[in-house]
């Protein structure tokens, strides 16, 4: 049995996950389109990182023929004309690693692990450590072990990427050396677990979703009843443990004197009484709305590799907006929308058309002001000719999210104040269920497919309509929610 570097890191995070990866991989959840997009983005970053070493050669051995990859690696290392090897493959003691970049430095080598992130994460060190252990034990003298990740401070000027500025290389010899005594013990422990007849018993926890969501999550974490204490807003694991130690798993059983914060307590009371809660201040808060009303929502992507001049790695790129407009109370809603449908620079057209429909007076209702306001600030930097108009728009933003969070609770919220949770609770006829695009992540994936080409006219048209329908649903939802809340004051 071979233990790959990715499986080793899985075992560091959770030994049960490792066991299932080896023995029951067919039970893992298939990566959805958004997960696959993350994988594809990582491969794109890796290919770009290889340009740091012009003349480097990639090992061709496939996963099905790793012995051939090991042989080819040895041949390439013996050829002193080759400055670097990509996917260099080594095995020692049943552990097999493929090194992203192995760069020749005279008689020694620099080991580089490429990550499509903008900083160093804890699990990256274990990834690097296992490679260092295996490669060194195969007789390769390493000058350094490094993590190469994207540089968040790099501003893309356009044209060719400056690879040395786009990436940061962090030499981690000291950190790797400090961890090496643990690595052998962890390898032995993982092989011991894999020699057992059954997966180890490990309780679910933060490791199920951090640093990434486990593909076996549904096998460990099962749906809980709607009245479970986990559905109290932002309840901590400590509080849940305290309740469970008292034999309490249902909100209906939570005592009046159990320590909860104000928002959790009113959610608890709402569920226990089986009726909604509205604050006395809600009418006064709603009076701050100034007609005409504009209900606005943006959709964005955040590419690892900056796409247009002025962007940094993982900058949010807005590609779509929707605005529903209501001139006065009870007036019919009018709808405006924008969607970039090509891979051409969208930012100027985005803000130009948005400014043309927002007028100069009236509240602009959003759900989570921080997001839209920051995107507007980004646009002011990228398209400075609109800076003054953007500042005036920002001053008119009216955030519906804290209004719901602080002044309304329905048992059906399930502890969440997201638009997806609030909308069907307050307005059951409106739902995102069954939509071809049903959340922001899906919207980003759909837009990438739309603009990268390769789609025939019919599927492209269908994808564009799905994106418009989703973003339009968000702004219509806000309009209907405000209408609903205004009726509660009567």
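With helices as the sole contributors, the chain gives -13500 deg cm²/dmol at 222 nm; each DSSP H run of n ≥ 4 counts as -39500 (n - 2.57), and the sum is divided by every residue. Using C-alpha pairs under 8 Å with a sequence gap of at least 6, the mean separation divided by the residue count of the chain gives a relative contact order of 13 percent.
Let me know the whole percent of all Cα-Cα pairs from the chain that are separated by more than 35 Å. In whole percent, the long-distance tail amounts to 49. Which shape class, rounded, prolate or oblate, goes with segment 251-307 when its Cα gyration tensor gives a ≥ b ≥ c as root eigenvalues, a/c under 1.5 marks rounded, and past that a/b bigger than b/c marks prolate? In terms of gyration-tensor shape, oblate.
Angle, helix 173-194 long axis vs. longest principal axis of the chain, Cα atoms, 0 to 90°, nearest 10? Between the helix axis and the principal axis of the chain, the angle is about 90 degrees. Each Cα pair under 8 Å and six or more residues apart adds its sequence gap; the mean of these over the residue count of segment 283-488 is a relative contact order of 23 percent. The Rg/Rh ratio of segment 1-134, with both radii computed over alpha carbons and Rh defined as the Kirkwood radius, is 0.97. On C-alpha positions alone, give me the angle between the axis of helix 369-382 and the longest principal axis of the chain, in degrees, nearest 10. Around 70 degrees separate the two axes. Residues 403, 70 in ascending order of nearby Cβ atoms (within 10 Å, fewest first): 70, 403. Using a cutoff of 8 angstrom between alpha carbon atoms and counting only pairs six or more residues apart, the relative contact order for segment 38-141 works out to 23 percent.
By the beta-carbon count within 10 Å of each Cβ, the least crowded to most crowded order of 487, 234, 17, 110, fewest first, is 487, 234, 110, 17.
Against the chain, whose longest principal axis comes from its Cα atoms, helix 457-488 is set at around 50 degrees.
Read the figures in this text as sums done on the coordinates, not as results from a lab. All values derive from a computational prediction rather than experimental measurement. Using ideal geometry, Cβ is built from the backbone for each residue, glycine included, and neighbour counts are taken over all protein chains shown.
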